[in-house]
Structure formats: C-alpha cells, structure tokens
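The values are calculated or read from the model by the stated rules, or taken from the named source; none is laboratory data. Please read all numbers here as calculations on a predicted model, not as lab measurements. Virtual Cβ from ideal backbone geometry, glycine too; neighbours counted across all protein chains shown. Surface areas here come from the heavy atoms of the whole protein model, side chains and all, with no ligands, DNA or RNA. Shrake-Rupley method; radii C 1.70, N 1.55, O 1.52, S 1.80 Å.
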Amino acid sequence: MWRVLGFRPATMSALLFSLLLLLSTLCRLGQSMSREEKLKLRNQVVEMFDHAYSNYMDHAYPADELMPLTCRGRVRGLEPSRGDVDDALGMFSLTLIDTLDTLVLLNKTAEFEAAVRRVLKDVRLDNDVVVSVFETNIRVLGGLLGGHSMAVMLKDAGHYMQWYQDELLHMAKDLGLRLLPAFNTSSGLPYPRVNLKHGVRGPESRTGTETDTCTACAGTIILEFAALSRFTGDPVFEVHARRALNFLWEKRQRNSNLVGTTINIHSGEWVRRDSGVGAGIDSYYEYLLKAYILLGDDLFLQRFNIHYASIMKYISQPPLLLDVHIHKPLLPARTWMDSLLAFFPGLQVLKGDIRPAIETHEMLYQVTKKHNFLPEAFTTDFRVHWAQHPLRPEFAESTYFLYKATKDPYYLEVGRTVLDNLNRFARVPCGFAAMKDVRTGSHEDRMDSFFLAEMFKYLFLLFAEEDDLPFNVEDYIFTTEAHLLPLSLSTTPRAPSPPANSTVQAASLPHLSASVKSLWSEEELDDSNFDWTCPNTRLLFPDPAFPRNLRDPIRSAVDKSCPRPAVHREPGMGRPPLRAQDFMANNPDHLELLRRMGVSLIHLKDGRVQLVQHATQAVSAVAAEDGMRFMQEMMELSSQQQKEQLPPRAVQIISHPFFGRVVLTAGPAQFGTDLSKSITGVRGFVTVAEPYSGCAELSNAAFVQGRIALLQRGQCMFAEKTRHIMKAGAIGGIVIDDNEGSSSDTAPLFQMAGDGRNTDDVTLPLLFLFYKEGNILLEALKEYREVEVLLSDKARDRGGDAPEEDQTSPASSATLDRSHMSTVELDESAPESAPDKEEVTPEEDVGPAIKRNPEPEEEPAVEKDSSSKSVKAMMADWREDLEAFQQMEKDEL
C-alpha cells in the first residue's frame with residue numbers, strides 16, 4: 001500500500017508496516033462504509049467519467065478541450081483568448097492524451113486501445129503554436145508516458161495491445177525534443193513558452209522574449225523528463241531537468257531556505273519574493289519528494305526535507321498555510337489562500353506527517369461545505385476571495401491519500417460529498433462545467449483536461465477495492481497530473497550524462513558550480529534531515545478518536561467566520577462641492593464640476609467610464625483638494641456598495657432540456673425586489689419586450705403579462721425600463737448588454753442604479769446579463785421558443801431543492817487591494833453619449849479604484865455566439881481590453 005503513497009519498500013518497509021497497523025486501529029471513526037455502498041459510489045464515479053469522456057469525444061474531439069455549455073470543442077484561435085490559460089492548448093487533442101491512463105485504471109481497456117489508435121492516427125506535435133512548457137510537460141508528455149506505461153503493462157499481460165511497438169514513447173520523445181529548446185538559457189531554467197514547430201527566439205517562434213517564470217514551472221519537469229530518459233536511454237532530458245532543479249536550489253533564500261514565486265530565468269533574481277505552497281510553487285516541492293521516490297536519489301530527499309522544515313516553521317499555521325516573504329519569513333505576504341494548496345495534505349501523507357495533513361484537510365473540507373466547492377482563493381476567515389472553481393482535483397487527491405494512510409471512513413464520506421456536489425452543481429447535459437461563481441452556482445464554459453486526468457482517478461481509487469483494480473497501482477507513482485509512472489524506473493540504469501560542453505541546438509550547458517557538485521557526494525548528506533522521512537509515530541496518540549479530535553476544533557473555527565472589517569472615513573474631511581453619491585455621468589453640470597477639480601472621464605468601448613484625477617489640471621489648489629476628496633469619497637461609496645449589495649444574482653434555465661443545469665451570473669439592481677430576501681426567487685417564462693429597449697410602453701403587453709421580459713441595454717434609464725414592463729404586467733425583467741462580445745470575463749459585475757428619483761414604486765426584480773451570457777438565453781429562446789428561468793440570489797439545487805444556505809458573503813475592505821470590485825451602473829443612455837458605468841481609477845493609487853483588480857474576479861463562461869463575424873470582432877476587442885486581465889491570469893497561474 002505504501003508504495004502507492006510514494007515510498008520505496010526497500011528502504012523503509014519495516015517502519016511503514018508498523019505505522020500501517022497502528023493507523024488501522026487508531027484512525028477508524030464510527031462504522032465503516034459497507035462494501036456495497038463503496039461499490040455503488042465507485043460505479044457512480046465510472047458513470048460520471050463516461051458522461052464527461054463521451055461528451056468530449058462526441059462534441060469536441062479532436063479539439064483540445066470540451067466547452068460543455070455550448071457543446072463544442074475549444075479550438076485555440078477560434079474562441080476569444082483567455083490569456084495564459086490558453087497556453088495549455090496546442091491543437092494536439094489535449095483531453096484525449098491526458099485521459100489515456102485514466103481509461104485503463106477505470107477498466108476501460110478496449111476504449112484505451114481505441115484511444116491510442118486515435119492518438120497515433122490523428123495527433124500532430126509539429127503545430128506552429130506557442131504553448132506552455134510546464135502545461136505541455138505535465139499534461140501531454142506525462143499523458144504520453146502514462147499511456148505508454150499502461151500499454152506496456154497490458155501487452156505484457158497478454159490480452160490487449162499486442163500490436164503495440166512503443167509508438168506512444170516515440171511520440172513522447174518527439175515532444176521532449178520540441179520542448180528542449182526552451183532550456184537554452186544561461187541558468188538552465190526553461191523559458192515559460194516554446195513554439196512546437198520553431199522553438200524559441202527564432203523569427204517565426206513568436207516567443208523567447210520572456211524573462212520570468214514561476215518556480216513550479218521550472219521545477220516540475222524532473223519526473224517526466226527523467227522517465228523519458230530512462231525509457232529511451234537518452235540522458236539529455238534528465239540532465240536538463242536536474243540542471244533546472246539545481247539552479248532553483250542554489251537560488252533559495254539561504255536564511256529561510258524558502259523559494260519565491262517568480263524568478264528571472266537569466267539572472268536568477270527573484271521577481272516575486274512571496275513564498276507558499278500554493279500557486280506558483282506547489283509542484284516544485286511535490287517533485288523534489290517524488291523524484292526521490294521514483295529515481296532513488298537521496299539528494300532530492302535532502303533538499304525536500306530542508307524546504308519542508310522551513311515550510312512547517314514559517315508557512316504552516318495549522319490549519320492554515322499562509323504565504324510569507326522569503327527574506328522576512330515571519331512577515332505574512334497575504335491574508336488569503338489559493339485552492340492549489342489543497343494538494344499539500346496529500347504530500348504531507350507521503351512525507352509521513354499525518355497530524356498537520358488531517359488539520360489542513362479538515363479546514364479545506366469545511367470551506368468546501370460552506371461553498372459546495374473550494375473557491376479559487378479564500379480568506380483566513382474562510383470567505384470567498386476569488387469565486388471561480390475550475391473543477392480542480394487537488395482536494396480529492398488529498399482525500400484519497402489520507403484515506404489510504406488512515407483507513408478512516410470519514411474520508412469516504414468526504415469523497416461522497418465531492419461526488420454529490422459535482423453532480424448537483426457542475427453537471428450539465430454535455431459534460432461538467434467549471435463554476436464561474438461558487439456563491440451563485442453559475443457556470444463557465446470550460447472543462448479542463450485535468451478533470452478527466454486526475455479527478456476521476458482519485459475518486460475511483462478512493463472507493464475501489466483492491467480486486468477492482470486492473471493492475472497493482474502500488475507499482476506506480478502519480479505525477480502532478482496524476483499520470484502513472486512505474487517505480488521500476490528507479491532500478492533502470494541511469495545513462496551517463498553528456499559532457500558539460502554538449503549542446504542542444506547549439507546552446508552550451510555551463511558547468512555545475514562547485515557547491516552544487518559537492519551536494520552530489522553521498523557521504524556529505526546530513527542525516528539529521530532524514531528524521532521525518534518515514535511517518536513519525538510520535539505524532540499519533542493512543543486514542544481511537546485521534547483524527548476526530550484534530551478535526552472538531554477546526555470545524556468550529558470555520559463555522560465561526562470573522563465579520564468583515566468596517567469601512568472607516570478619514571477624520572476631518574470636509575464636504576466637496578460635488579458628492580460622489582449624487583454624481584450622474586449624463587449631467588452636464590456635474591461634468592463641468594469634475595473638470596474644474598481636475599477629474600477627467602475616460603470612455604471605454606463597453607460603456608464604462610474611468611475617473612482619473614490630475615491635480616495639476618484643476619483650476620485652483622482648492623479645487624484640486626476638492627477633487628481629491630471626491631475621489632476618496634467615490635472609493636468609500638464603492639466599498640459601501642460592495643459591503644451591502646455586491647453579491648451577484650443567478651439566472652437559472654430550468655425548462656427542457658436544461659433542467660436547471662445552466663446558470664448565468666447576473667448583476668443586481670439597487671431597486672425593486674431584493675432576491676436575497678426571497679426564499680423561492682421569481683420563476684417564469686421569458687419573452688422579448690417590444691420595443692426591445694423597453695424605453696416606451698410595450699406593444700406586446702398582452703404577451704409579456706405574467707412573464708419575465710427581456711430588454712436591451714441603452715436609450716433610457718434602467719428604472720424607466722422596469723416601470724414599462726411593470727405596466728405591461730411582467731413579473732420580472734432581464735436587461736441584456738448591447739455591447740457585442742461583452743462578458744464578465746473582462747468586466748466586473750455591476751449593479752444597476754436608479755434614476756435619481758424615488759424607486760419605491762418598482763416592485764419586481766431586474767437583473768443584468770452581459771452580452772455573452774445573454775446570448776445563451778436568446779439562443780435558447782430561439783431554439784426552444786418556450787424557455788423558463790428562475791431569478792434568484794443563487795442557483796437552486798438541480799434536483800429541485802434549495803441548496804444549503806450560504807452563510808458567507810464576499811470579503812470587504814476599505815483598502816485599495818480588493819479582490820472583487822463592483823461597478824455601479826449609473827445611467828442607461830447609449831455608451832457613446834453618456835456611459836452607463838462609473839469607474840474610478842485614480843493615479844498613483846490615490847482615491848477609489850473601482851476597476852483595479854489585482855487578482856482576477858470570478859471567471860465567467862464563454863457562451864455560445866452563433867455569429868462568426870461577432871466572434872472575430874470580439875477577438876479583436878478582447879485582445880485590446882484583456883492585456884491587464886491576462887497579466888492577472890498569469891499571476892494566478
């Protein structure tokens with residue numbers, strides 16, 4: 001069993017078997033799950049996999065990924081760019097390759113054989129496309145090597161794959177050679193991207209100018225490259241991967257023994273000096289330990305142990321894992337955690353440090369129960385920081401490893417919760433859709449390849465009995481993408497390294513430094529670093545309730561989330577001539593007052609307005625001071641609106657054939673029915689108002705009566721539209737943006753304001769959808785004619801029951817660094833004449849920052865657009881508008 005967890009029995013079997021016996025008696029809680037119940041859940045995992053895989057093959061293949069909301073493949077260049085996220089796509093049928101070894105594990109051997117034949121026949125690796133070295137290595141190269149391992153195993157068993165002649169391995173070597181040019185740097189750290197056809201830095205490569213890469217990007221190469229070298233006998237791949245790891249080790253901060261998040265690939269200087277175990281660093285630590293397990297090189301274990309001691313000293317604050325500064329490790333770098341750190345309890349199990357693994361996992365589970373999924377990031381008081389969830393598997397991974405270590409049936413119930421939430425909230429007719437907002441249950445039109453590569457492996461293994469598995473999984477180690485590499489590689493003779501002056505496409509390898517060379521001397525290893533190599537039984541108490549005693553305090557702590565900080569105004573502030581709360585973008589007098597205060601308006605193409613103050617352009621020093629106050633007051637107003645009314649709403653399509661499985665994120669109005677106070681929401685069939693703008697009495701009032709009216713943004717105020725549909729007898733309204741291609745991908749959610757008059761007479765709900773989300777609804781109406789929706793504060797259970805009440809709300813702060821900003825819709829006239837949304841972007845971080853997004857907000861779905869012309873237009877617009885967003889996405893990755 002422990003070889004599954006990554007230990008080599010030749011070095012530690014005695015201690016491990018002792019620990020196994022101890023854990024099996026200590027860590028059982030309550031009644032074990034029956035074999036029949038586990039079989040039922042295992043079969044449910046297989047059915048869910050079939051749903052995802054068959055929809056990819058039916059609707060997306062040979063595209064890289066499935067878009068489950070629009071039931072089509074995601075083809076790079078044909079869909080609007082998502083920034084660095086798209087660097088995983090290389091027009092090489094990514095999802096199929098990433099899924100190969102999953103098919104074998106789930107006993108789908110015939111499907112695996114057919115899939116291998118498809119890969120060999122259809123997939124090309126010489127595409128003229130720039131891809132991420134990191135993603136291509138772990139997903140594609142790892143997928144090909146995992147598929148090769150499975151093919152060899154099946155062939156040796158004598159039933160399947162008898163025709164196989166290492167074709168997948170040949171493809172893997174071809175791909176490895178295409179990745180090697182990225183390593184042609186003076187440091188040995190790879191460029192973050194490479195052109196599969198032209199390499200880097202050539203005139204046709206369109207890459208090679210980058211200077212920075214993340215630590216995980218450079219440090220998550222060794223398993224795949226070393227396996228490729230040992231499978232093929234060509235040492236060049238392992239040499240380059242080791243060289244990159246050696247350089248990262250040399251550049252660690254020597255006092256704290258921590259590494260930063262981003263490093264300059266040429267100079268080795270740390271670009272981002274924050275250090276944690278989540279995004280940007282995570283799999284670097286994972287691969288140090290697993291490289292020791294797979295390759296048997298004690299050097300990797302020594303380095304891991306040194307890092308791990310520092311992690312537990314500075315970053316681990318059980319049950320939290322908080323980033324710190326590498327030069328001042330006692331100083332926290334941020335007050336939130338990202339979901340990628342959910343892998344760490346599983347790594348701690350491999351390490352043998354069970355207690356903190358249980359504690360951190362329990363914290364993550366309680367956050368999951370509050371929000372149905374782990375938000376991409378959450379605060380130290382367990383509130384949503386980034387609301388999206390792209391169906392990441394790390395929490396399921398740690399759940400599996402903790403169950404393997406403890407056999408505590410509690411973790412089977414955790415797995416059941418993961419299964420239920422996937423089916424209730426993420427399952428759609430064409431697969432499983434990522435969550436755009438865990439608070440509302442809205443979807444994003446993406447199903448990443450790692451969902452099939454990892455999630456179903458870990459869930460299947462969690463519920464499977466030993467005789468359910470087609471091979472001995474303990475003979476393999478999981479890569480960070482859960483691909484299976486045989487532990488027998490540790491006994492494969494390591495081919496001699498090329499001379500230090502050997503070249504890869506004419507790029508010479510510098511000699512290893514003397515200090516690095518010295519580390520290779522086995523007799524110089526410090527034995528004290530091996531104290532925690534095996535699971536340490538000193539951490540386990542002779543109490544059968546041990547795991548429960550660790551979990552209960554954490555459950556209580558998460559349940560008692562801290563309140564949000566109050567918003568304070570600076571003392572002694574006078575009142576400016578124009579109050580922020582009174583400002584209207586279409587009021588000429590207000591615009592003149594802004595001009596006198598040195599505040600200018602920048603009109604964006606999507607109808608929003610940025611307010612920027614230039615004190616030197618004010619008519620006087622007093623006016624400049626008034627402008628400063630106005631900008632500061634605008635931030636306070638925005639903060640207050642965020643605190644009171646920020647949470648988005650949901651438009652859930654509940655009629656056939658959607659049945660509640662498609663949820664669109666909607667912006668709320670500051671008037672009318674407050675859906676957050678409605679238990680049932682507002683349910684009704686939709687119809688398009690005539691006129692579509694809703695700016696005059698409706699000519700189809702008889703048809704609108706008793707229905708939810710669809711309206712187009714523009715030409716008049718939101719409140720005026722609402723009064724017209726009320727007069728026609730509508731029970732609700734949905735305003736759809738008229739800016740073609742707009743989406744909450746690139747714009748923050750906003751609230752629709754009134755018209756400056758009393759709106760107490762408005763008694764029905766009004767929600768706002770961006771163009772891309774609204775087009776899903778319009779296309780459904782066009783195809784099915786009768787479409788019923790539910791307007792609510794969050795999506796209701798697909799099975800018909802309301803979901804568990806979310807007791808949290810977005811974190812709010814008076815500071816400028818906020819993760820979820822709201823743009824208030826002030827005016828509903830045409831964007832060219834009087835923009836609708838007010839944004840404040842003061843220079844030099846002065847005043848409010850309504851559009852400052854230091855981190856990406858909830859990522860929305862890329863919805864269906866039937867017009868090819870509009871897609872091209874959107875792509876052109878998005879390339880311009882997404883520059884800042886892409887940088888945020890890069891930081892997130």
- [ ] Using the Karplus curve 6.51 cos²θ - 1.76 cosθ + 1.60 with θ = phi - 60°, work out ³J(HN,Hα) for each residue of region 377-385 in order, rounded to whole Hz, and write x for Gly and Pro.
- [x] 8, 9, 7, 5, 9, 6, 9, 5, 10
Task: Backbone HN-Hα couplings from phi across region 96-107 [Karplus 6.51/-1.76/1.60, Hz, Gly and Pro as x] - done: 5, 5, 5, 9, 3, 6, 5, 4, 5, 4, 8, 6
Task: Cα gyration tensor, region 649-792 - rounded (a/c under 1.5), prolate or oblate - done: rounded
Task: Sequence-distant residues sharing a close amide H with Asp212 (under 5 Å, placed H) - done: Ile265
Task: Length released on extending from Asp381 to Arg35, taking residue separation times 0.36 nm less the Cα-Cα span - done: 120.8 nm
Open item on the list: Between Tyr784 and Ser678, how high is the FRET efficiency from 1/(1 + (r/R0)^6) when r is the Cβ-Cβ distance and R₀ = 25 Å? Nearest 0.05.
Closed with: 0.45
Open item on the list: Taking R0 as 51 Å, what FRET efficiency do you get between Leu177 and Phe471 from their Cβ-Cβ distance, rounded to the nearest 0.05?
Closed with: 0.95
Task: Potential lengthening between Arg201 and Ala309 on full extension [0.36 nm per residue; Cα-Cα distance subtracted] - done: 34.9 nm
Task: With all protein chains modelled, accessible area of Arg548 [1.4 Å, Å²] - done: 100
- [ ] Scan around Arg72 for amide H atoms under 5 Å from its own, H built in the peptide plane at 1.01 Å from N, and keep only partners 5 or more places away or cross-chain.
- [x] Met67
Task: FRET E, pair Asn264, Ala702, Förster distance 60 Å, beta-carbon r, rounded to 0.05 - done: 0.35
Task: Karplus-derived 3J(HN,Hα), 6.51/-1.76/1.60, for each residue of region 665-675, Hz, glycine and proline x - done: 6, 10, x, x, 9, 8, 9, x, 4, 8, 5
TODO: Name the long-range amide H neighbours of Gln751: under 5 Å, sequence gap of 5 or more, or other chain; modelled H, no Pro or chain starts.
DONE: Thr823, Val824, Glu825
Task: For peptides 245-257, 474-486, 450-462, sequence by mean Cβ density within 10 Å, most packed first - done: 450-462, 474-486, 245-257
Open item on the list: Quick check: pseudo-label points 7 Å beyond the Cα along Cα→Cβ at Asp156 and Asp552, how many nm apart are they?
Closed with: 4.9
TODO: Give the shape of region 237-334 as rounded, prolate or oblate, defined through the alpha-carbon gyration tensor: a ≥ b ≥ c are the square roots of its eigenvalues, a/c under 1.5 means rounded, and otherwise the shape is prolate if a/b is larger than b/c and oblate if not.
DONE: oblate
Open item on the list: Exceeding 25 Å between C-alpha atoms, which entries from my cross-link table qualify? They are Lys351/Lys404; Lys121/Lys155; Lys38/Lys369; Lys173/Lys404.
Closed with: Lys173/Lys404
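From Cα pairs below 8 angstrom and at least 6 apart in sequence, can you work out the relative contact order of region 237-334, rounded to a whole percent?
It rounds to 26 percent for region 237-334.
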Task: Normalised contact order of region 649-792, rounded percent, pairs of Cα under 8 Å and 6 or more residues apart - done: 36
